[in-house]
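> First the structure, which I've put down as structure tokens, then a few questions once you've had a look.
Laboratory data are not the source of any read-out in this text; all were calculated from the coordinates shown. None of these values were measured; they are calculated from a predicted model. Virtual Cβ from ideal backbone geometry, glycine too; neighbours counted across all protein chains shown.
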């Protein structure tokens, strides 16, 4: 949930540290030089970091992470769609409200098992479930600029969170209840985000997991194109010899 660190500079992630109970830092590596890599590792040792998230831009940076003992946990796929004409969203899409939160939490806790946190066995599955439940709850309560859903108040069937940046609208979490998949709700959620962006005169970006074929397919059908592919690695210092 934290913003990406400056490139080639490690930084502590206080929210992740508090949530998972171990000190965590992040590093966005792009054409990282040996001295920069050493500085990142020294930062981690100096701050008693147990896990370093490494977002590698290419094979050079990925190899640096592997050589240090990190494990590849995910593929980060960024997709984008430019500004488009304003189209009214589907009538069954509405904004999420407070009474929706319990059901949204339950849906989130079972909908993101293809993420890097589940792929990393160091994180308890129950904490991963709670991570996404907390994420959608806080999104409804103000973390996100909007959360769209469908269904009766108190019994939502899906969700999509979004953030309005200066240059674009950014889609956050998206999920559709298992019982209602295949009915077009996912596409209608994305269309609602596109409408919000069109109203602001902006394009849309989204980041998803490479292994999440359903999401990648959905965004492709909505006109998104792949902008960038990066790799996530987790380096656990406790595992090093």
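> For the stretch 103-159 and the stretch 20-57, what is the centre-to-centre distance using only Cα atoms, to the nearest Å?
For the stretch 103-159 versus the stretch 20-57, the Cα centre distance is 27 Å.
> When only Cα pairs under 8 Å and 6 or more residues apart are kept, what is the percent relative contact order across the chain?
Relative contact order, the chain: 27 percent.
> Pulled fully out, how much extra length does the chain show between residue 48 and residue 229, if you take 0.36 nm times their separation in residues and subtract their Cα-Cα distance?
Difference between extended and current length: 62.1 nm.
> Could you calculate the contour length gain from residue 75 to residue 183, that is, 0.36 nm times the residue separation minus the distance between their Cα atoms, to one decimal place in nm?
36.1 nm
> To the nearest 0.05, what FRET efficiency results for residue 122 and residue 221 with a Förster distance of 41 Å applied to their C-beta separation?
FRET efficiency, residue 122 to residue 221: 0.70.
> Calculate how steeply helix 185-200 sits against the longest principal axis of the alpha-carbon atoms of the chain, using the helix alpha-carbon long axis, and give the answer as 0 to 90 degrees to the nearest 10.
90
> Which percent, nearest 5, of DSSP beta bridges in the stretch 78-220 are antiparallel?
Counting DSSP beta bridges with both partners in the stretch 78-220, the antiparallel share is about 80 percent.
> Let me ask something additional. I'd like the FRET efficiency for residue 167 and residue 67, computed as 1/(1 + (r/R0)^6) with the beta carbon distance as r and R0 of 35 Å, rounded to 0.05.
About 0.50, to the nearest 0.05.
> Let me ask you something else. Given R₀ = 45 Å, what would the calculated FRET efficiency be for residue 237 paired with residue 155, taking r from the Cβ atoms and rounding to 0.05?
The computed FRET efficiency comes out at 0.50.
> OK, next. Compute the distance from the alpha-carbon center of the stretch 178-198 to that of the stretch 209-229, in whole Å.
Answer, in whole Å: 14.
> On full extension of the chain, what length is gained from residue 86 through residue 143, given 0.36 nm per residue of separation minus the C-alpha to C-alpha distance?
Full extension of this stretch gives 18.0 nm more.
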